[in-house]
Amino acid sequence: MIVAITGGTGFIGKKLVQRHLAQGDTVRILTRRNRSEISLCPHLKIYRADLTTNSNDLIPFVKGADLLYHCAAELRDTGRMYAVHVQGTSNLLKAAIGRIGRWVQLSSVGVYGPHIAGVVTEETPLNPTGIYEKTKAESDLIILRAAESEAIRFSILRPSIVFGEGMTNRSLFQLVSAIDKGVFFFIGKRGASANYIHVDNVVEGLIICGRLPQAEGRIYNLSDWRSMEEFITIIARQLGKSMPSFRIPEGVIRLIVTLLGVIPKFPLSKSRVEALTNRCSYTIARIKQELGYRHVVSIEEGLARLVTHWKSTQKGILT
């Protein structure tokens, strides 16, 4: 099988590439990097092009692909998010129509917008607020509109916060560090939500979306919910630390953030408080029932790996 992957050099994309190569598939990667920066093997083909420029440049990359994964994303530079997520998706779609088998899109539960409580399903209306979430939602809509005219066969996967040893987002490592130093505290009442999903589970979800015929034309959420207390307990045990017990009222913390949040490198922000106090969850009943999905890495195992990796980096720093 010929598999084309945008974002194939990223955190999730690298693991997706490895899975398909292990299955004996021919894998194409679209990148702006020099070939010398990417490890090559006989079944890995590199295509140099930019999603945000000319769609014709993308035709060699997509032509004849049985499966196209669109995993490319801009995570940091807000000035490029529209170009990558919206214009890039439009260009890739123009190149792909009539030339591929199926399109699998990697999206985000962020497209549903912030929810402070309740259960979010695939039927929850989109209500994105940040530029990243808005442009990812628009990217999804581009594919949905194309599917309405039968121009493309697709599946969309929307994971919650993706974590793993190679993650570039440092917030979870900072959380581990705070627990290790004994400075972590809970905010507000018990029962807040930790909505995370291990990167290997995301790859598994992408692969079954591409492989199973019943996934065609469907959108799937993917998460592995734990209460915040359970989540922190798992990390503390892996660190050999006692479970943190200190808890500060939410109103007090929000006032502190309002007054001091403008200070550079202040450890708390409004978004961080939201993450530590929200009580919503993302059901994965649909992907389990329709595709038989099961987690390949549990939260417990994933966090154990993460803490082990964090410990090794601390040793490197100390020595």
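The values are calculated or read from the model by the stated rules, or taken from the named source; none is laboratory data. If you're wondering where the values come from, they're calculated on a predicted model, not measured in any experiment. Don't worry about glycine lacking a Cβ; one is built from the backbone with ideal geometry, like all the others, and counts go over all protein chains shown. With ligands, DNA and RNA removed, areas are computed over all heavy atoms of the protein, side chains included. Shrake-Rupley method; radii C 1.70, N 1.55, O 1.52, S 1.80 Å.
Structure summary
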{"item": "Considering residues of the range 6-47 that are over 23 Å from the mean Cα position of the chain (by Cα) and assigned to a helix (DSSP H, G or I) only, the residue modelled with the highest pLDDT", "result": "ARG35"}
{"item": "Selection from the range 249-265 of residues that are under 19 Å from GLN174 (Cα atoms) and surrounded by 12 or more Cβ atoms within 10 Å (Cβ to Cβ)", "result": "ILE253, VAL257, GLY261"}
{"item": "Scope the range 50-65; condition open to solvent by 30 Å² or more (accessible area, probe 1.4 Å), at pLDDT 95 or above and either in contact with a helix residue (DSSP H, G or I) (Cβ under 9 Å, 6 or more places away or on another chain) or assigned to a helix (DSSP H, G or I) (or both); matching residues", "result": "ILE59, PRO60, LYS63"}
{"item": "Tally of residues being open to solvent by less than 20 Å² (accessible area, probe 1.4 Å) and in contact with a Leu (Cβ under 8 Å, 6 or more places away or on another chain) across the range 73-88", "result": "2"}
{"item": "Some residue of the range 220-238 being assigned to a loop (DSSP other than H, G, I, E, B) and open to solvent by less than 10 Å² (accessible area, probe 1.4 Å)", "result": "yes"}
{"item": "Selected residue (only one of SER171, SER160, SER155, SER193 is open to solvent by less than 60 Å² (accessible area, probe 1.4 Å), small (Gly, Ala, Ser), more than 15 Å from the chain's Cα centre (by Cα) and within 22 Å of GLY302 (Cα to Cα))", "result": "SER193"}
{"item": "Residues within the range 90-106 that are open to solvent by less than 10 Å² (accessible area, probe 1.4 Å) and in contact with a strand residue (DSSP E or B) (Cβ under 7 Å, 6 or more places away or on another chain), tallied", "result": "5"}
